[in-house]
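In what follows, a single structure is set out as structure tokens and then discussed.
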Amino acid sequence: MSEPIRHRDSGQWLSSFASRIEVSCPRCGRAGAVRAVWADRQWTAVFVCGQCGLDARSERSDWWGKLRVTGRRPCGYCGYQWLCVDRIRPSAGNWPIEVRDWLATALPEAIAVDCPLCKRASNVAVEARRERDREGHDPHFGMPLRLIERTRAGLLWAYNAEHIDELRRYVAADQRERRCATPNKTMISRLPTWMKLARHRALMLKSLDRLSARLDESASA
Ligand SMILES: [Zn+2]
Ligand SMILES: [Zn+2]
């Protein structure tokens, strides 16, 4: 009888895979990579597209992803608490944006909200911040991830080849051990439940193979 395959959680956080992230250029769609360095408690990230020349840099606060717009105040007429704004704004589209400049020109400083009690409208001051999601966008610039598969059980994505390998080792294992100092913060411990189910193992492995194949295609292109 063969030995069971073991997987021991290495203790790596998702962020430890974030120094190279395979993305699609948000302007022309060509495969590319965001490269990032962690130093002085912050990421410095760069993306340069080999086809269209799009150049994104974290030092300029470039951001291609969604924004969350929020604010609240009591009704200016009857004092009802609270009139709230909480909206996700889609990506600004085909140009790099410096978030502060963009907000100054493209976002109203206040949004009129109707009071549910007295029905009169008051202006609610709003602010916007980057909306980092776990649904297929890179955390540095909000660009679309390239290694992404929509399966019937859920969305599977990876930042890069090492991330795929670690997921594959975990999924293929018969025995899974959690042995690390911060067991609830590791990439593995935070995987959605469906990925951990034995009945999804074949689906996961097939999907991970497809992600690897996509990486190989672009390497030889
Ligand atoms: Zn491009
Ligand atoms: Zn009111």
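Please treat every number below as a calculation from the coordinates, not as lab data. Keep in mind that what you see is a predicted model, and the values were worked out from it rather than measured. Using ideal geometry, Cβ is built from the backbone for each residue, glycine included, and neighbour counts are taken over all protein chains shown.
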Where a Cα-Cα gap under 30 Å defines reach, which lysines qualify for residue 66, not counting those fewer than 8 residues away within the same chain? 185, 196
Ordered by fewest other Cβ atoms within 10 Å, a rough proxy for footprinting exposure, 204, 187 read 187, 204
With -39,500 (n - 2.57) per DSSP H segment of 4 or more residues and division by the full residue count of the chain, the 222 nm estimate, nearest 500 deg cm²/dmol, is -6000 deg cm²/dmol
HN-Hα couplings for the stretch 184-193 via Karplus (6.51, -1.76, 1.60; θ = phi - 60°), in whole Hz with x for Gly/Pro, come out as 9, 10, 6, 4, 5, 5, 9, 5, x, 4
Residues of the stretch 60-75 with amide N under 17 Å of the 7 Å Cα→Cβ point at residue 89: 61-72
In Å and from the alpha-carbon atoms only, list the Rg and Dmax of the chain. 21.6, 77
Can you list the HN-Hα couplings for the stretch 205-214, worked out from phi with the Karplus curve (6.51, -1.76, 1.60; θ = phi - 60°), rounded to whole Hz and with x for Gly and Pro? 5, 5, 5, 5, 4, 5, 5, 4, 4, 5
Measuring from the lowest to the highest alpha carbon on each principal axis, how far does the stretch 1-100 reach, largest first, in angstroms? 75, 45, 31
With a cap of 16 neighbouring Cβ atoms within 10 Å, and only residues DSSP puts in a loop, list the chymotrypsin sites (Phe, Trp or Tyr not before Pro) found in the stretch 1-94. 13, 77, 80, 82
Interchain or sequence-distant (5+) residues whose placed amide H lies within less than 5 Å of the amide H of residue 140 are none
